[in-house]
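Everything below concerns the one structure shown next.
The values are calculated or read from the model by the stated rules, or taken from the named source; none is laboratory data. Remember, it's a predicted structure, so these values are computed and weren't measured experimentally. As a convention, Cβ positions derive from the backbone with ideal geometry for all residues, glycine included, and neighbour counts pool all protein chains shown. For accessibility, only protein heavy atoms count, side chains too; no ligands or nucleic acids. Shrake-Rupley method; radii C 1.70, N 1.55, O 1.52, S 1.80 Å.
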Amino acid sequence: MNYCGIDLHKNFLQVHLYDEQMRERSTRLENDETAIRSFFEPFRNNCKVAVEATGNWYWLVDLLEELNLDVSLVNPLPTKAIAYARVKTDKVDAWVLTHLLRTNFLATCWIPDKESDVRL
């Protein structure tokens, strides 16, 4: 299984990936559907992804679910308490999400259906 943590921002996302060969890599992607699809296509059906719940998470979760990725929406408050870091950067945040997901310590939220009024 591959594990991925995503720190989502308005114009970009920071991705940290821990693959089946236990290699780690970090990359920054623009919030562009084509670039995101291209990056995640090799991991289709074999990747767990953690995305922090922000004001703009809907489109990314929908896109990742289209690629048959196992997406978890992260509750930021308890996650911050679990993963306190002195040095806080986008790369560190994505790394933390990846390893909390991999070790099953991730505090998650419910993801409403696309058609749900909750998303409005």
*Might you check whether a residue that is at pLDDT 95 or above, open to solvent by 30 Å² or more (accessible area, probe 1.4 Å), of a type in the set (K, R) and assigned to a strand (DSSP E or B) occurs anywhere in the range 36-46?*
no
*Count, please, the residues in the range 47-68 that happen to be β-branched (V, I, T) and in a strand (DSSP E or B).*
2
*Can you spot a residue in the range 94-105 that is buried (at least 16 other Cβ atoms within 10 Å of the Cβ) and either of a type in the set (D, E) or at pLDDT below 80 (or both)?*
no
*For the range 32-41, what are the residues that are in contact (Cβ under 8 Å) with a residue 24 or more places away in the chain and not aliphatic (A, V, I, L, M)?*
E33, R37, F39, F40, E41
*Of all the residues that make up the range 69-93, how many are β-branched (V, I, T), modelled with pLDDT under 80 and assigned to a helix (DSSP H, G or I)?*
2
*Could you please find all residues in the range 1-35 being in a strand (DSSP E or B), loosely packed, with under 15 Cβ neighbours inside 10 Å and among the hydroxyl-bearing types (S, T, Y)?*
T27
